[in-house]
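The values are calculated or read from the model by the stated rules, or taken from the named source; none is laboratory data. What you see is a predicted model; the values in this text were computed from it and never measured. Methodologically, a virtual Cβ is constructed for each residue, glycine included, from the backbone with ideal geometry; neighbour enumeration extends over all protein chains shown.
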Amino acid sequence: MKPLKKAIFPVAGLGTRFLPATKSIPKEMLTVVDRPLIQYAVDEAVEAGIDTLIFVTGRSKRAIDDYFDRSPELEAELEAKGKTEALEIVRNVIPSHVKCFFVRQSHPLGLGHAVLCAADFIGDEPFAVLLPDDLIDGTPKGVMTQMLDIYRRTEKAVLAIEEVPLSEVHKYGVIKPKNQDQYPLEVAGIIEKPKAEDAPSNWSVVGRYILTPDVMEALKNQEPGTGGEIQLTDAIARCVSSGGFVGHPFHGRRFDCGSKRGFLEANMHYGLK
Ligand code: UTP
């Protein structure tokens, strides 16, 4: 089993629910208390021992590249003024052993397409996918660390899952578990944004995945699906028959920061922590 060292952050979406702010500010740079949303996802990946971060960005997203780059003028200024605490904060956005790569998705053709844009960086290794707008306060450890434990134990791809009301399943990828009371849940099938009456369960996939290279291969010839977009869920669905996927009902609290309500709740939660 190859170790998990690489993570993809698809951040090329338009963020239309936060217009007009997202006209010039990437959604992922909106702050939850004092840190941009993307920082929480990066910290979670780094905590799990991931050392190669691949950001799939788009137009109007340059602030993300700048954020993870060094800032020599600012650092020199802070140093000259003796502001050591602020200097440490600026320098520790990313630990020195972690490498960042940036690739552009020219058109937002869907999450699956965004992941495929990172294929050359992944090769034949396992990889994590983290959607920063799903902000998860994992307990006692970060969700990616929880998932890595399961990946090591089962040697299977791992999807973070959560039970949602049936009235909500149309917003998510939903798994068909092989057996409801076996943990982690073996995945027998998966479907993107089903109607409540067609949903195989109410176990929804949230924005954390540990995937194997066969999914990247499947994405290479994946046809557009729901909403005319190339869906990551559809590529996973084509690989599921191998029996190589499990669902992890993560421990922690998730905030859907792609929605205004979730974003406000996250600010309350982290602000009062
Ligand atoms: P969403 O559909 O939730 O995000 O995609 P969005 O498009 O940015 O936001 P709204 O719906 O217009 O408000 C989920 C994740 O997939 C990424 C997004 O950046 C987000 O992290 N994504 C989606 C891409 O990187 N590329 C795409 O083509 C689509």
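Every listed requirement among (1) loosely packed, with under 13 Cβ neighbours inside 10 Å; (2) assigned to a strand (DSSP E or B) is met by residue 8 save one, (1). Taken as a whole, the structure places residue 238 among residues that are farther than 22 Å from residue 53 by Cβ, in contact with a helix residue (DSSP H, G or I) (Cβ under 7 Å, 6 or more places away or on another chain) and among the basic types (Lys, Arg).
Close Cβ contacts (under 6 Å, 6 or more residues apart or on different chains) running from residues in the stretch 13-26 that are within 15 Å of residue 108 (Cα to Cα) to residues that are more than 8 Å from the ligand (Cβ to nearest atom) and hydrophobic (A, V, I, L, M, F, W, C) comprise 26/63; 26/64. No other residue among 196, 235, 266 is of a type in the set (Gly, Ala, Ser) and closer than 24 Å to residue 114 by Cα apart from 235.
Would you mind listing the helices (runs of 4 or more DSSP H) fully within the stretch 85-191 where at least 2 residues are away from the ligand (no atom under 16 Å from the Cβ) and closer than 20 Å to residue 210 by Cβ? If you could, list the steps in order and put the result at the bottom.
Values: elements: 111-116, 119-122, 143-154.
Those helices (runs of 4 or more DSSP H) span 143-154.
Test residue 197 against the criterion of being assigned to a helix (DSSP H, G or I) and among the charged types (D, E, K, R), and give yes or no.
Values: assigned to a helix (DSSP H, G or I): yes; among the charged types (D, E, K, R): yes.
Considered against the rule, which asks whether it is assigned to a helix (DSSP H, G or I) and among the charged types (D, E, K, R), residue 197 comes out as yes.
Got a number for residues in the stretch 57-73 being touching a Cys at 6+ places or on another chain (Cβ under 9 Å) and either assigned to a helix (DSSP H, G or I) or within 12 Å of the ligand (Cβ to nearest atom) (or both)?
Our first condition is that a residue be touching a Cys at 6+ places or on another chain (Cβ under 9 Å); within the stretch 57-73, this holds for 65, 68-69.
With the extra rule that they be either assigned to a helix (DSSP H, G or I) or within 12 Å of the ligand (Cβ to nearest atom) (or both), the set shrinks to 65, 68.
Residues that pass the stated criteria total 2.
Among the numbered conditions (1) in a loop (DSSP other than H, G, I, E, B); (2) away from the ligand (no atom under 16 Å from the Cβ); (3) charged (D, E, K, R), the only one that residue 79 does not meet is (1).
State all residues of the stretch 146-168 that are crowded, with 16+ Cβ neighbours inside 10 Å and either in contact with a helix residue (DSSP H, G or I) (Cβ under 6 Å, 6 or more places away or on another chain) or of a type in the set (Asp, Glu) (or both); if no residue qualifies, say none. Answer for the stretch 146-168, where residues must be crowded, with 16+ Cβ neighbours inside 10 Å and either in contact with a helix residue (DSSP H, G or I) (Cβ under 6 Å, 6 or more places away or on another chain) or of a type in the set (Asp, Glu) (or both): 158, 160, 162. The residues in the stretch 188-240 that are touching a Cys at 6+ places or on another chain (Cβ under 6 Å) and under 28 Å from residue 253 (Cβ atoms) can be counted, and the count is 1.
Looking at 50, 54 in this structure, which one is away from the ligand (no atom under 15 Å from the Cβ), of a type in the set (Val, Ile, Thr) and in contact (Cβ under 8 Å) with a residue 60 or more places away in the chain? The conditions single out 50. Just a yes or no: is a residue in the stretch 236-251 of a type outside the set (Phe, Trp, Tyr) and within 30 Å of residue 19 (Cα to Cα)? Scanning the stretch 236-251, I find no residue that is of a type outside the set (Phe, Trp, Tyr) and within 30 Å of residue 19 (Cα to Cα), so the answer is no. Residues of the stretch 200-234 that are outside any helix (DSSP H, G or I), surrounded by 16 or more Cβ atoms within 10 Å (Cβ to Cβ), within 16 Å of the ligand (Cβ to nearest atom) and not hydroxyl-bearing (Ser, Thr, Tyr): 205, 206, 207, 208, 211, 222, 225, 229, 230, 231. Of the numbered criteria (1) more than 16 Å from the ligand (Cβ to nearest atom); (2) in contact with a Cys (Cβ under 6 Å, 6 or more places away or on another chain), the one residue 249 fails is (2).
The set of residues from the stretch 1-42 being within 10 Å of the ligand (Cβ to nearest atom) and polar (S, T, N, Q) comprises 16, 22.
In the stretch 12-47, the residue that is surrounded by the fewest Cβ atoms within 10 Å (Cβ to Cβ) out of those that are among the polar types (S, T, N, Q) and assigned to a helix (DSSP H, G or I) is 16. Determine whether residue 90 is modelled with pLDDT under 95 and hydrophobic (A, V, I, L, M, F, W, C). Yes.
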